[in-house]
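The values are calculated or read from the model by the stated rules, or taken from the named source; none is laboratory data. Remember, it's a predicted structure, so these values are computed and weren't measured experimentally. Cβ: placed from backbone, ideal geometry, glycine included. Neighbour counts: every protein chain shown. When the accessible area is computed, the model is the full protein with side chains, heavy atoms only, and any ligands, DNA or RNA have been set aside. Shrake-Rupley method; radii C 1.70, N 1.55, O 1.52, S 1.80 Å.
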Amino acid sequence: MYPPRRNILSGLLSLGLTSCLGSFEVHHLNNTLPYEKVTSQEEITKINFVHLNAADLRRGVGVDIASINEIDYAGTTKTGGLDQPILIAEYLDEPYNYVVFDQYMKSPLWTTGNTVISRFPIKTVHRHLFGENPRSMDTRLGHLFKDFIHTEIGVGSKRLHLITTHFDNENAEFGFRKKEEAQELAQYLFEFKQKNPESYLVAAGDFNDDHDSETLKIILSSGLYPPQENFGLKTYQNGNPTNDLDHILASSNIKISNYRTFQFPWSDHLGLMCELEFLN
């Protein structure tokens, strides 16, 4: 049973703002081919992966795939009406030609969401909006318009399935929201793994909870695994990190190594960087 907090006003606000969802699609730069038209038999065994929170990625040299939270899009006053994901990819230049737009909240003054920037061809698979479960008494408004997205990335002859997410940061009486988000994501991961047991799967995000929390235990129950070393690196706040909020998890056929944090400007989080090694 959830707390009886929903009223007519919050319901109407949630309905109105949910209807302002922006796009969930891949943008291609430099006339690059779409995912469906790229074929490769190249055998790639390792890639460099980062998860960032509102980054500019100017230290992205050597990065293959970047998963990013709290990114702003055109229509946002503080970006001057520009799309941050495109600016980052253009700064990185070739071969970072694949940019995922995930505008989970779109308003006249602020359009925000997640993005994935990749040097490998990528396609969108699914977007799940938190707070839309018909069995819940909570709303999109209550969940601060968070989501998770599923993208598929062609890494040579392999197919990497990437989940990018951002959970709510509320605790105490509203902590049930984060638990609900974890349960919805875990169910999605479990069902996907049941249908695709040999798939390569990574989940990365700002889970707004530490590595030994109930939130992470729920996620790990889906069959994903943390890095063998350094799980629980402190990423928040930037400059004086005291909390481990950001995490990278993977299926058993991917080894996470060289797991580390790094610093970049204009963010309140440290970034996470690692190598992903395909074992099979």
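So here's what we get for this one:
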read-out: Members of segment 125-149 that are over 14 Å from Gly113 (Cβ atoms), modelled with pLDDT of 95 or more and crowded, with 19+ Cβ neighbours inside 10 Å; value: none
read-out: Counted residues, segment 180-219 - those being surrounded by 15 or more Cβ atoms within 10 Å (Cβ to Cβ) and part of a helix (DSSP H, G or I); value: 15
read-out: One residue from Ile117, Ile88, Ile65 being in contact (Cβ under 8 Å) with a residue 24 or more places away in the chain and in contact with an Asp or Glu (Cβ under 8 Å, 6 or more places away or on another chain); value: Ile88
read-out: Residue match in segment 255-268 (condition: open to solvent by 30 Å² or more (accessible area, probe 1.4 Å) and touching a helix residue (DSSP H, G or I) at 6+ places or on another chain (Cβ under 8 Å)); value: no
read-out: Those residues of segment 89-114 which are within 17 Å of Ser67 (Cβ to Cβ) and assigned to a strand (DSSP E or B), in sequence order; value: Tyr98, Val99, Val100, Phe101, Asp102, Gln103, Tyr104, Thr112, Gly113, Asn114
read-out: Test: residue in segment 230-241 that is of a type in the set (A, V, I, L, M, F, W, C) and at pLDDT below 95; value: no
read-out: Checklist (1) farther than 17 Å from Val50 by Cβ; (2) hydroxyl-bearing (Ser, Thr, Tyr); (3) in a strand (DSSP E or B) applied to Ser252, failing item; value: (3)
read-out: Residue within segment 231-249 that is under 22 Å from Asn114 (Cβ atoms), assigned to a strand (DSSP E or B), open to solvent by less than 10 Å² (accessible area, probe 1.4 Å) and among the aliphatic types (A, V, I, L, M) present; value: yes
read-out: Residue match in segment 3-20 (condition: modelled with pLDDT of 65 or more and under 26 Å from Ala204 (Cα atoms)); value: no
read-out: Answer residue from segment 74-105, given it is within 21 Å of the chain's Cα centre (by Cα) and among the β-branched types (Val, Ile, Thr) and is nearest to Ile117 (Cα to Cα) among those; value: Val99
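For (1) over 18 Å from Leu270 (Cα atoms); (2) at pLDDT below 95, each residue gets a yes or a no:
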{"position": "Arg59", "(1), (2)": "no, yes"}
{"position": "Tyr73", "(1), (2)": "yes, yes"}
{"position": "Thr77", "(1), (2)": "yes, yes"}
{"position": "Gly80", "(1), (2)": "yes, yes"}
{"position": "Ile86", "(1), (2)": "yes, yes"}
{"position": "Tyr96", "(1), (2)": "yes, yes"}
{"position": "Thr115", "(1), (2)": "no, no"}
{"position": "Ser118", "(1), (2)": "yes, no"}
